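Here is the structure we will look at.
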Amino acid sequence: MICVSKKKSYLKSQNLKIFGQGKLNGIVEISGAKNSALVLLAASLLTNERIVLQNVPRLTDIEKMANILRNLGVKIIEKNNKLEIDSQNISIKELPYELVNGLRASFFCIGPLLSKFGEAKVPLPGGCNIGSRPIDEHINGLKALGAEILIEEEIVKANIKGDKSRLIGTHIKLKCPSVGATETLIMAASLADGRTTIENAAREPEIQDLCQMLNKMGAKIYDSGKETIIIDGVNKLCGCTHKVIPDRIEAGTFLIAAAATSSSITISPVIPNHLEAVTNKLQESGSKITIKGNSITIKGNKIKGVDIKTAPFPGFPTDLQAPFSTLMAIANGQSKITETIFENRMNHVQLLNKMGANIKLNKNTAYIKGVKKIKGMDLVGSDLRSSAALIIAGIIAEGTSIIYGLEHLDRGYENFESKLKILGVKITREFNKKTLTSKEFKTSSDPADIPRYKAA
């Protein structure tokens with residue numbers, strides 16, 4: 001039996017086979033942050049000098065972003081986890097739809113292209129189907145900086161107003177602390193004329209990493225990591241070498257997997273305060289956490305149900321909501337998980353229920369009654385983080401599970417199954433050739449499949 005969340009055909013080219021009831025033990029190396037590396041690649045467009053990015057994860061999303069830059073005329077040399085980027089010969093200021101489709105981070109390029117060249121054409125972004133992620137904040141902020149924006153046939157066309165050669169610094173107050181909008185506007189303001197103040201800015205570590213690299217390049221950015229960021233525009237930015245921060249979402253995924261299997265592992269390198277919301281909840285649910293320098297050791301114990309509510313940093317990250325749901329599915333007692341960021345980020349619930357979990361939904365709140373065991377099944381992940389949640393479920397389940405939809409997983413986790421193998425999990429990547437249509441899957445997309453409380 002194969003359960004999917006959408007009626008569509010899947011190319012059964014790769015899958016992960018997991019032998020359940022596994023334990024984790026050892027040390028796992030955490031890769032560079034995907035969400036940081038993507039925006040740093042876009043930021044490299046702001047200079048004509050060479051940028052060297054270290055600790056870049058080898059992921060399909062990174063490969064797509066690199067190809068987008070190459071299409072613009074950027075030269076990129078890859079050496080393991082290092083990228084050497086030369087943007088001095090950019091000849092195109094328009095991103096092609098065929099490269100942009102499916103990669104939301106491609107929209108980051110609009111700020112650097114507009115600020116550096118005075119014009120840009122960027123298709124509306126794509127990405128995982130986890131809900132609407134409007135670009136209103138990006139557009140309104142760029143307009144405030146002096147851009148004319150026109151959206152035609154799903155293409156965003158931006159130009160600097162009138163006869164001005166630069167964007168103009170201004171005060172911007174975001175309606176919500178959007179990570180993407182904050183990053184886009186920081187990059188655009190870096191080469192603007194005058195001071196820009198961004199109020200209600202997002203505070204995520206990836207934004208702080210962006211500001212750190214831009215300041216190395218000669219930008220003047222103050223108070224990153226705070227609710228108000230100040231940028232004094234400069235005339236030119238230079239090259240630099242910068243190391244991408246560790247991926248806090250990958251780190252949190254491994255910590256949750258260890259907690260779910262009552263295992264003991266150490267993750268390194270990490271920046272512990274980036275994970276504070278996650279480690280606090282893991283401790284509350286019964287695990288013992290030890291922090292030493294840039295490493296975190298977890299010792300799993302009996303799992304207690306706890307409530308979480310996703311929130312912008314420093315709150316509990318939405319990207320770990322699905323994996324934490326798997327942990328709570330086998331916890332003692334009841335728990336409540338509320339998703340506040342994306343409206344379609346509960347796609348994993350019906351699949352966990354198929355495995356034997358007891359989860360009821362009321363809009364974007366999951367009410368979970370822990371069960372003693374779940375059973376292995378064949379499943380298809382519908383997005384990046386739900387795929388990680390299903391893999392954790394497969395590790396703790398009785399029997400064997402096969403996880404499809406690895407095109408999502410490979411967007412955000414570098415060598416995920418290899419790292420799990422090192423920790424002792426029996427997991428293998430299989431390569432097949434057969435194409436399965438939706439008729440060969442048991443579809444679980446019908447909301448009626450999910451037990452729900454009546455809305456009050």
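Restricting attention to the range 220-240, report how many residues are buried (at least 16 other Cβ atoms within 10 Å of the Cβ), without any contact (Cβ under 8 Å) to a residue 60 or more places away in the chain and over 26 Å from the mean Cα position of the chain (by Cα).
Final tally of qualifying residues: 1.
Rundown of residues vs (1) modelled with pLDDT of 95 or more; (2) in contact with a Gly (Cβ under 9 Å, 6 or more places away or on another chain); (3) of a type in the set (G, A, S), yes/no style:
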{"site": "G315", "(1), (2), (3)": "yes, no, yes"}
{"site": "A331", "(1), (2), (3)": "yes, yes, yes"}
{"site": "I341", "(1), (2), (3)": "no, yes, no"}
{"site": "M346", "(1), (2), (3)": "no, no, no"}
{"site": "K363", "(1), (2), (3)": "no, no, no"}
{"site": "V371", "(1), (2), (3)": "yes, yes, no"}
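Anything in the range 281-321 that is surrounded by 14 or more Cβ atoms within 10 Å (Cβ to Cβ), more than 21 Å from A393 (Cα to Cα) and either under 17 Å from the mean Cα position of the chain (by Cα) or of a type in the set (S, T, N, Q) (or both)? List them, or say none.
S295, T297, A311, P312, F313, P314, G315
Against the condition buried (at least 19 other Cβ atoms within 10 Å of the Cβ) and either at pLDDT 95 or above or more than 24 Å from K64 (Cα to Cα) (or both), how does L114 come out, does it pass?
No, not satisfied.
Quick one: would you say T340 is part of a loop (DSSP other than H, G, I, E, B), touching a strand residue (DSSP E or B) at 6+ places or on another chain (Cβ under 6 Å) and either open to solvent by less than 20 Å² (accessible area, probe 1.4 Å) or not aliphatic (A, V, I, L, M) (or both)?
Judged against the criteria, T340 is a match.
Would you pick out the residues in the range 405-428 that are of a type in the set (D, E), assigned to a helix (DSSP H, G or I) and under 14 Å from S31 (Cβ atoms)?
D410, E417
Which condition number in (1) more than 18 Å from A188 (Cβ to Cβ); (2) modelled with pLDDT of 95 or more; (3) not basic (K, R) is the one that L46 fails?
Of the numbered conditions (1) more than 18 Å from A188 (Cβ to Cβ); (2) modelled with pLDDT of 95 or more; (3) not basic (K, R), the odd one out for L46 is (1).
Does A189 qualify as being in contact with a strand residue (DSSP E or B) (Cβ under 9 Å, 6 or more places away or on another chain), assigned to a loop (DSSP other than H, G, I, E, B) and modelled with pLDDT of 95 or more?
Criteria not met by A189.
When S262 is evaluated against the numbered criteria (1) open to solvent by 10 Å² or more (accessible area, probe 1.4 Å); (2) free of Cβ contacts under 8 Å to residues at least 60 places away in the same chain; (3) small (G, A, S), which criterion, by number, is the only one it fails?
The number of the failed condition is (2).
The values are calculated or read from the model by the stated rules, or taken from the named source; none is laboratory data. Quick caveat, the model's predicted, so the values are computed rather than measured. Positions of Cβ are generated from backbone atoms using ideal geometry, with glycine treated the same way; all protein chains shown enter the neighbour counts. The protein model used for the area step is the full one, side chains on, heavy atoms only, and it has no ligands, DNA or RNA in it. Shrake-Rupley method; radii C 1.70, N 1.55, O 1.52, S 1.80 Å.
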